[in-house]
Amino acid sequence: MKTRRCPTKLLVCIKQVCETETSFLIDETGRWIRLEEPSAFRMNRPDEYAVEEAVRISETIADSSIEVISVGPARVSAAIRRALGMGAAHGIHIVTPEDGYLSPFVTASWIASFARNREYDLILTGVMSEDEMQGQVGSMIAELLGMPCATSTVSERLLPETGTVRVEREIEGGLRDALELRLPAVLTIQTGINEPRYPSLSKLLRANKYELETIDSRSIGDPEPPEQVIRVSYPEHTRAGLVLNGTGQEKAAHLLRILRERSLIQ
Amino acid sequence: MIDQNIVVIGEHFQGKLKRVTYDVLACARELERLRPATVRVVLLGDDVAGPAYEIVQVTGLDVIAMHIPGLLSYNREVYTGVLEDLLDVLKPAYICAAATTEGLDLAPALAVRLRASCVTGVERVLEVDGRVCFARTMCGGKIVAQVRPETDAAVVTVQPGSFEVTTSEDTIPGAVDIRRVDFEPRRSRSLGVTIGQAEDSGLQEADIIVSAGRGIGKRENLDLIDRLAALFPKSAVGGTRPVCDLGWLEYKKQVGLTGATVTPELYFACGISGAQQHLSGMRGAHFIVAVNSDPHAAIFNVADVCVVEDVATFLPLFIKEWEQSLPARETSTSDSDST
Ligand SMILES: Cc1cc2nc3c(=O)[nH]c(=O)nc-3n(C[C@H](O)[C@H](O)[C@H](O)COP(=O)(O)OP(=O)(O)OC[C@H]3O[C@@H](n4cnc5c(N)ncnc54)[C@H](O)[C@@H]3O)c2cc1C
Ligand SMILES: Nc1ncnc2c1ncn2[C@@H]1O[C@H](COP(=O)(O)O)[C@@H](O)[C@H]1O
């Protein structure tokens, strides 16, 4: 097996998403969502686990460095800075002109073309974004770069000296699928793999002054989106969905009556 | 015009077909209804004969069983490598897999290889302006998006439980075509499937499950969940993945895609948003009550009774209501101010 050059280079892909409790409105075209104003944004939760995992790797491997990359409009720089506050050394922002549907293939293509000649040993992503819930970007980056990939990773051990990483993927039925991947590789990180730290204040202060590497998305290719979103709507109810009314106490009393009628409670 | 091809990737483990394969088949049947098509099931692995014969018997469809010696469980590199060659020949318009951890791993990779579009978590198939589209939910289940492939081929993953699985009595068995392929992965090596989590959670035996989501806010509020569960006979406490990730509950209490699948008489969901990955574990419950402070939470779409309230204030009210409604005991001090 080829011995790899030090240092170990890690890239973490992060997405900024809006709070789950946000009200999602449908925009004028009916083809995409619009957020209520003002909306709160934060880092996609699985990506926090990915950043944390990278930081833990770099703490155990001397001479390693972490870079983070995010694709999106101007606001996403806040998420990048948070990752810098957690311990990443460098941030890359692929700037897109506006909010709107971005095909996961397009996102993956941009990140892959950025990463192609940069000799990353390990690329980490979250398992899924909380807003679009595609579960595609990490997997596609791997395929576009011809790298092996493990999704839903719940444990990993990087062995730079052998040029491999050992991982466990979480699968159904409480089982785990153990794999050894040849580096460079892509891992999509499942939540719960670690406990993401809070950014340190001193690092955050430094991050706020740090100049991010910004790249205009139009300058790194124009991949054709393989699919379009043609309409968005609110889901239908699949059950009775009786909404209880009144004060909290009235609702409690009503719920108790319903459960008693069904003999579900004494 | 010749019929188009639809390929279903079957899931199996240790010589047994996984039931989720029938969910995927049901989606393929929907596609077939929209456009004349030949549906084939493809299985890959060392031990494919058993699952292959089950499928041809039950569905009457033909199965291509790629017998790959040494492949004891799913491996992404082998699957994509073997499927790429096979699908280059079959040129299917749709490749359907399950929205499981396997499908999630495979579908995007396969789509890139085949220059196909990829639509994950499909819940419905529809035709809009003469073109086939797929409906999927996003934003924790709050929004449905209709996605239209712009490519000749589409790889889709099917949300389990979304399509009606039908079986007909007298099907003429299809044919099994077993093809041996040797494929040595070069960049990855499977080290085997291990047990990560013991399954004796008490969830399966329970008639009533009270389940906690991130919306319970803090660990201390689990006490409320426990007290609520104690009101019911034969009850157990479960939770969502985030609650387990936070260490508030053990992972064996997790309900959902990568946790337990449960079908209790009553599922009492507290502070749970209703993401598909959670619903797949509990949508078969007989009666669902949901308490959530967000009136738009997706859990309300599958609930029988919806309570838009803060769990931390509502649960104490409910517990108190129950206590006060009991016949007064000899030393009881609680007045009967019942309505
Ligand atoms: C491969 C994969 C497998 C997965 N497997 C599983 C699985 O097996 N099980 C699982 O559960 N998830 C699983 N997930 C995660 C899943 O996608 C969701 O992220 C998760 O179910 C959300 O959990 P939640 O509802 O507790 O949290 P959130 O989505 O954060 O929702 C919290 C809810 O609480 C409500 N709330 C907030 N405050 C209050 C309050 N004071 N009172 C009342 N309500 C309040 C909010 O309105 C919100 O609806 C999986 C994900 C992936 C990618
Ligand atoms: N716009 C983006 N910028 C950077 N990374 C992204 C972006 N979108 C998705 N990702 C990464 O891909 C993962 C899966 O996202 P998705 O395919 O949208 O579910 C996320 O957890 C991120 O790590």
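Can you pull out every residue in the stretch A:145-173 that is surrounded by fewer than 19 Cβ atoms within 10 Å (Cβ to Cβ) and either at the interface with chain B (Cβ under 9 Å from one of its Cβ atoms) or touching a residue at least 24 places away in the same chain (Cβ under 8 Å) (or both)? Within the stretch A:145-173, A:GLY146, A:SER155, A:GLU161, A:THR162, A:GLY163, A:ARG166, A:GLY173 qualify. Looking only at residues in the stretch B:145-175 that are open to solvent by less than 20 Å² (accessible area, probe 1.4 Å) and within 8 Å of another protein chain (Cβ to nearest Cβ), the one that is farthest from the chain's Cα centre (by Cα) is B:PRO149. Of all residues in the stretch A:49-82, those that are open to solvent by less than 40 Å² (accessible area, probe 1.4 Å) and in a helix (DSSP H, G or I) total 13. Of everything in the stretch B:82-96 that is under 24 Å from A:ALA185 (Cα atoms) and open to solvent by 10 Å² or more (accessible area, probe 1.4 Å), the residue that is farthest from the other protein chains (Cβ to nearest Cβ) is B:ASP85. Suppose we keep only residues that are facing another protein chain (nearest Cβ under 7 Å) and in a helix (DSSP H, G or I) within the stretch A:128-141. Which one would you say is farthest from ligand 1 (Cβ to nearest atom)? Residue satisfying both the conditions and the ranking: A:MET140. For beta carbons closer than 9 Å, sequence separation of 6+ or different chains, a first residue in the stretch A:122-141 that is of a type in the set (D, E, K, R) and a second that is part of a helix (DSSP H, G or I) and within 6 Å of ligand 2 (Cβ to nearest atom), the qualifying pairs are A:GLU130/A:PRO46; A:GLU132/A:PRO104. Taking the conditions (1) in a loop (DSSP other than H, G, I, E, B); (2) within 7 Å of chain B (Cβ to nearest Cβ); (3) in contact with a strand residue (DSSP E or B) (Cβ under 7 Å, 6 or more places away or on another chain); (4) within 16 Å of ligand 1 (Cβ to nearest atom) in turn, A:THR191 satisfies each one other than (3). What strands (runs of 3 or more DSSP E), lying completely within the stretch B:195-278, carry at least 1 residues that are more than 12 Å from chain A (Cβ to nearest Cβ) and more than 9 Å from ligand 1 (Cβ to nearest atom)? Because the criterion is at least 1 residues that are more than 12 Å from chain A (Cβ to nearest Cβ) and more than 9 Å from ligand 1 (Cβ to nearest atom), the strands (runs of 3 or more DSSP E) in the stretch B:195-278 that meet it are B:235-239. Restricting A:SER65, A:SER70 to those that are more than 15 Å from ligand 2 (Cβ to nearest atom), more than 14 Å from chain B (Cβ to nearest Cβ) and in contact (Cβ under 8 Å) with a residue 40 or more places away in the chain reduces the list to A:SER65.
What residue, of B:GLY238, B:GLY247, B:GLY259, B:GLY274, is more than 16 Å from ligand 2 (Cβ to nearest atom), on the phi > 0 side of the Ramachandran plot and in contact with a helix residue (DSSP H, G or I) (Cβ under 6 Å, 6 or more places away or on another chain)? Give the steps one after another, and end with the answer.
Numbers: B:GLY238 fails: on the phi > 0 side of the Ramachandran plot; B:GLY247 fails: in contact with a helix residue (DSSP H, G or I) (Cβ under 6 Å, 6 or more places away or on another chain); B:GLY259 fails: on the phi > 0 side of the Ramachandran plot.
The match here is B:GLY274.
The values are calculated or read from the model by the stated rules, or taken from the named source; none is laboratory data. All values derive from a computational prediction rather than experimental measurement. Virtual Cβ from ideal backbone geometry, glycine too; neighbours counted across all protein chains shown. These accessible areas exclude ligands, DNA and RNA; they are computed on the full protein's heavy atoms, side chains included. Shrake-Rupley method; radii C 1.70, N 1.55, O 1.52, S 1.80 Å.
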